[in-house]
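The values are calculated or read from the model by the stated rules, or taken from the named source; none is laboratory data. None of these values were measured; they are calculated from a predicted model. Here the Cβ positions follow ideal geometry from the backbone for every residue, glycine too, while neighbour counts run over all protein chains shown. All accessible areas refer to the heavy atoms of the entire protein, side chains included, with ligands and DNA or RNA removed. Shrake-Rupley method; radii C 1.70, N 1.55, O 1.52, S 1.80 Å.
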Amino acid sequence: MSDFSNSNRDNMFKNKEAGSGNVTYSKTRIGTTDNDLFDMYALLFRVEWPDKNTYLLPMASYNYYNSKYNSWLLSGDLRDYVKLSPSNTTVQFKKGFNLLKQDDSSNKVNLYEANDLVYKTENKNDITEKPLNRIGQSSITLYGTFNSNNKTQSPIPMPFNSTYLAGDQLNKNSFFEYKTGSVSISGYYGYKDWTIYSDNYNDNQNVINSPVREDLIYPKEYEENVKKFIEDAGINIADNREVKVNKIIKYFNDNYKYDLDVRLYGTNLPRTINDFLTIDKRGHCEYFATAMTFILRELGIPARYETGYSVTEKEPSEGKDNYWVRAKDAHAWAIYWNGNAWVNADATPSSDNAFSKLNQHSYFSDMIEKIRFKFNNIVINPIVYICVSILIVLILGIFIYIYKKKNKSNQVYFKDKNFDKFKKKIVRFEKIYPNVENELYMTWAIKTKDEKLINIVKKYYERYKVNS
């Protein structure tokens, strides 16, 4: 009997350490009124991705939705993981561990029998062990850091079907692999110049494992509106899976809008999934991904909720295959089982208008990031580095010496020029009040008791800081 009971599920959602970044749990903003967003243009990491054939970079999959907490999590055996054993330079993923052997009578998690859930299946053969064919090899390289510590696990962004990771000082971290193929890390050492290898050229298909029965259920409270959507979208039962998916995506793109505001339009009320499907028809990626997953399951197609990043911002100044990934690129979408593999199905319309303007801070930050990235990636021989440093110091010293010398001569010039002006002003007073040789001008002026002369001399002394 599984420990995945209602009480245990509730405790998991109440656990503050679970967090939205946990591999087994993803808290959404659905059903809230919290519109506070962090720095959306903050640069999270870089990706070097040759031969990229999808913009979606996954991190974690989820297959059970809790409508009470508006959160996704993993069910049953999918929550099992193994702790990997990294060397200093590589981490090998345990692909065999990920192959799930399922049969239609398996009932390890008794949650799809509940009255508040809908269970549909189009093809019973989906819930069986599948021969998972793997061909070719591709790779991506990550540059950046992550927020992690020894108490929490952070999922690593990586393509489907990843087989191993190569880098430096990897054994300073702990790595955990889940049956969905997701890999998480805990530790204090951020990833820098990590290369992740995948053994399938098609980054759009995941052949790590086959569906389980939980991939076909969703909360009954959404059933009526999900069926209405299917009817309005003109989806026929006879359509194959790819046609059904394309019709769903097209209907979303034609009739729904992207909106970061989580409130019901024109109110301060939270927007629910039912509101999203019927009266409001606007929302951010979590709404589209969640609804898409429910709709696919209603059609009997195994589906999961996927989180990761949308990788679209190319940065050619750092390389022809280099991309920047910012906070705003965090994304959610659905994946569905096409009979042989899990395939991406992103129904979210374009969000360009929502992120149309970069502020000045972002431009300045981008410039600093580019300089820092180029500096960090320059490899210089230590002897050359020392010689260049000495040469720079010498050049700076010469410039400072020339500047001071020139500035000093300018000061003499200006003092002489100002003195000439001063002399012209007092020449008529010298004719009236003879001046003793070598007598200070202020002493002489005071002796004359001529207020006008005293003021001229005083101003000269104060303005040009002449010693009296």
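Restricting the trypsin sites (Lys or Arg not before Pro) of region 245-348 to loop positions (DSSP other than H, G, I, E, B) with no more than 12 neighbouring Cβ atoms within 10 Å leaves 320. When the surface is traced with a 1.4 Å probe over the full set of protein chains, residue 261 keeps roughly 50 Å² accessible. Rounded, prolate or oblate: which fits region 213-263 when a ≥ b ≥ c are the square roots of the eigenvalues of the alpha-carbon gyration tensor, with rounded for a/c under 1.5 and prolate only if a/b beats b/c? Because a/c hits 1.5 or more and a/b fails to exceed b/c, region 213-263 counts as oblate. Among the GluC sites (Glu not before Pro) within region 220-258, not one is in coil by DSSP while having at most 11 neighbouring Cβ atoms inside 10 Å. Checking the Cα-Cα distances for 423/447; 94/120; 227/250; 228/257; 94/179 against a 21 Å cut-off, the pairs over it are 94/120.
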